[in-house]
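The values are calculated or read from the model by the stated rules, or taken from the named source; none is laboratory data. In this text the structure is predicted, and so the values were computed from the model without any measurement. Cβ: placed from backbone, ideal geometry, glycine included. Neighbour counts: every protein chain shown. The protein model used for the area step is the full one, side chains on, heavy atoms only, and it has no ligands, DNA or RNA in it. Shrake-Rupley method; radii C 1.70, N 1.55, O 1.52, S 1.80 Å.
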Amino acid sequence: MKPNLSLDFCGIKLKNPIMTASGTCGHGLELSEFFPVEELGAVSVKGMTLAPREGNATPRIAETAAGMLNSVGLQNPGADHFIKYELPLLKEKGITVIANISGDTIDDYAKLAAKLDAAGVDMIELNISCPNVSHGGLAFGTDADVVYELTKTVKSVTKVPIIVKLSPNVTDVVSIAKAAEKGGADALSLINTLLGMKIDIKTRKPVLARKFGGFSGPAIKPVAVRMVWQVTGAVKIPVIGMGGIMTAEDVVEFLLAGAKAVMVGTATLIEPDAAYTILHDLEKYMEENGIEDISEFKRVD
Ligand SMILES: Cc1cc2nc3c(=O)[nH]c(=O)nc-3n(C[C@H](O)[C@H](O)[C@H](O)COP(=O)(O)O)c2cc1C
C-alpha cells in the first residue's frame, strides 16, 4: 500500500508536505512545463508588494561553494497584477496558493493581506526580513514587539491562515517565534536567507551591487534544522521548515526537527523539478522504511 503523505495544515487539506519556497519558482506556473505543480502540497509565490518593484541593481546573484547569494530586492509586478493574471490560473490548476508578502510599513502588510485574502489565496506568508521604514529601516523580523504588532494587525483584517516567515538574522529566533504566535499567527515558516557577502579578489570589490545578499542552499541546512528544532520546542503552532533542502533525506531531517511541512528553494534553481523529485523520493523512502503515514515523523528530543 502507498504511504499517506496528506495532512491537515491549519485547516487546509494538503496532498503532501512538500511546498516551493518563495522567490525560487516565480508564480509557480513557470514550473508547469517541468512537472504537474498541482501535485505539490502548496506553492509559495514570489514575494509581492502593493506596488510593482523593479528590484535591486545588478549583479544581484552570486554563486558560492555550497550555496548562493541573492539581492533580487523583491522585484515583482505588484499584487493587482498577480490577482488579475496569475492567481486565476493557479486556482484553475487546483494549486494551493501561499501568497508571500512584504511591505515598508505595518499598514502596507495589512492592506496587501486584506486584498489577497479577498482575492481567494489559500494562505498568506509574511516575509518579515524586509526593512521597516517607520523604524529606521531595521528589518521587521528582528524586533519581537514589531512582529507581535504586525501579526496582530494582519490577523485582524484576514480570514485565511497567516504564516509568519522568520529571519535567521537575529540573536534569539525563539523570542521572535513566540511573538508571532502571541500575535495570532496560524503557522511559522523558517528560515529565510542568512546575510552574506562575497568579494572578488581580482577586482577587489564586492561581487553584488548591494554588497550584501541573502545566503541560501545546502550550506545553510544545519542552521535551519537547529532553528526549526528550537522553535518547534517553544511554540504550539505548526512550523514549515526550509533552508538547503536538496533531497528527501533532508526533508526527513526537517520533519524530525519538528516541522510539519517543508519548502524547497535553491534546489529548484539547480533542477526545476527538484520539488517533484523530492516528493517521489520521500514516498519511496517511506515505503522502504515501513512508514505508512507522514504523521509518524515526530520531533526528536
Ligand atoms: C533568488 C531567491 C529569491 C528569494 N525571494 C524570496 C521572497 O521573495 N520572499 C521570501 O520570503 N523569501 C525569499 N527567498 C528565500 C527562500 O524562500 C528561502 O527561505 C531560502 O532561500 C532558504 O531556502 P533554500 O536554502 O532551500 O533556498 C528567496 C531566495 C532566493 C534564493
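Observations, loosely collected:
- The number of residues in the stretch 249-264 that are farther than 16 Å from PRO222 by Cβ and either open to solvent by 10 Å² or more (accessible area, probe 1.4 Å) or without any contact (Cβ under 8 Å) to a residue 24 or more places away in the chain (or both) comes to 1.
- Whichever residue in the stretch 101-129 is open to solvent by 10 Å² or more (accessible area, probe 1.4 Å) and not in a helix (DSSP H, G or I) and, among such residues, is farthest from the ligand (Cβ to nearest atom): GLY120
- Within the stretch 231-238, one or more residues are open to solvent by 50 Å² or more (accessible area, probe 1.4 Å) and among the small types (Gly, Ala, Ser).
- Among the residues of the stretch 145-166, the one identified as of a type in the set (D, E, K, R) and part of a loop (DSSP other than H, G, I, E, B) is LYS159.
- Contact map, the stretch 68-89: residues that are closer than 27 Å to PHE212 by Cα and of a type in the set (Ser, Thr, Tyr) paired with residues that are within 16 Å of the ligand (Cβ to nearest atom) and open to solvent by 70 Å² or more (accessible area, probe 1.4 Å), Cβ distance under 6 Å, separation 6+ or inter-chain. Pairs shown: SER71/ARG210.
- When residues of the stretch 186-211 are limited to those that are assigned to a strand (DSSP E or B) and among the hydrophobic types (A, V, I, L, M, F, W, C), the one farthest from ASN100 (Cα to Cα): ILE199
- Among residues of the stretch 102-119 that are within 15 Å of PRO131 (Cβ to Cβ), those with a beta-carbon under 8 Å from a residue that is of a type in the set (A, V, I, L, M) and open to solvent by 10 Å² or more (accessible area, probe 1.4 Å) at least six positions away or on a different chain give the pairs SER102/LEU74; GLY103/LEU50; ASP104/VAL133; THR105/VAL133; ILE106/VAL146; ASP108/LEU50.
- For the stretch 22-73, taking the residues that are more than 10 Å from the ligand (Cβ to nearest atom) and hydroxyl-bearing (Ser, Thr, Tyr), the one that is nearest to ILE163 (Cα to Cα) is identified as SER32.
- Within the stretch 194-226, restricting attention to residues that are open to solvent by 50 Å² or more (accessible area, probe 1.4 Å) and at positive phi, the residue that is modelled with the highest pLDDT is ARG204.
- ASP8 meets the conditions (1) within 25 Å of GLU283 (Cα to Cα); (2) touching a residue at least 24 places away in the same chain (Cβ under 8 Å); (3) open to solvent by 60 Å² or more (accessible area, probe 1.4 Å) in every case but one. The failed one is (2).
- Pair list, Cβ < 7 Å and 6+ apart or interchain, from the stretch 173-200 residues that are more than 16 Å from the ligand (Cβ to nearest atom) to residues that are among the small types (Gly, Ala, Ser): VAL174/ALA234; SER175/ALA144; LYS178/ALA234; ALA179/ALA144
- For the stretch 203-222, the condition holds for no residue, the condition being that it is more than 12 Å from the ligand (Cβ to nearest atom) and more than 19 Å from ILE61 (Cα to Cα).
- Residue match in the stretch 117-131 (condition: among the polar types (S, T, N, Q) and over 15 Å from the mean Cα position of the chain (by Cα)): no
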